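Participant: Input: one structure, supplied below.
Values quoted throughout were computed directly from the atomic coordinates according to the rules given, and no laboratory measurement underlies them. Predicted model only: the values in this text are computed from it and were never measured. Cβ atoms come from the backbone with ideal geometry, glycine included; neighbour counts cover every protein chain shown.
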């Protein structure tokens, strides 16, 4: 029921009350005739007005209830949004940290690979130097060997590395020299030479 309907209902109810009063005190001369309602109609109108006001209060309470529900729903949605943003931010930071660790691991792996390559190259060069400065044994001539059996001569007597045709017995060592280094006389230097001593130094 609208505000205009309520006002009209109240006006008509007031008219009915005035009519009852006039009936009680006798007829009056009125400049204009006004509609008169019976008491039952007045009661019905008042009941209708009461019901309308009650329904209006009910609607107001329902509106308040659903507004509160909507506010709670909106608050829950905001909470979920904040939780999602927080979780997404933490996940993003974790992914960034993972990428940083992967990059760091890749750099270390490259460093390790480079160091291993440098070590292998250094070891190869050292080995090449050792092969150049190898130990050369000097032995007694075969004439000084007292074992004259064919088996001994075949196994232990070897021709000079300079291919001079002379044979020496490897069971009668005299001393060792470096096969690469030479002294002032052009002879092989004593073993160990300075180069090997440098390589073997702790």
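Participant: Residue 199 label point, 7 Å along Cα→Cβ, cut-off 16 Å on backbone N: hits in the stretch 114-143?
Facilitator: Flagged as within label range: 120-137.
Participant: Then there is this: Over the stretch 123-202, what is the relative contact order in percent, taking alpha-carbon pairs closer than 8 angstrom and at least six residues apart?
Facilitator: About 34 percent, as a whole number.
Participant: Using a basic spin-label model with each label point 7 Å from the Cα along Cα→Cβ, how many nm lie between residue 93 and residue 118?
Facilitator: In this crude label model, residue 93 to residue 118 measures out at 3.8 nm.
Participant: Assuming 0.36 nm per residue, please report the length gained on full extension of the stretch residue 57 to residue 69 beyond their Cα-Cα distance.
Facilitator: Additional length available on full extension: 2.5 nm.
Participant: Still on this model: Residue 146 versus residue 79, label points 7 Å from Cα toward the beta carbon: distance in nm?
Facilitator: Distance between the two pseudo-spin positions: 10.7 nm.
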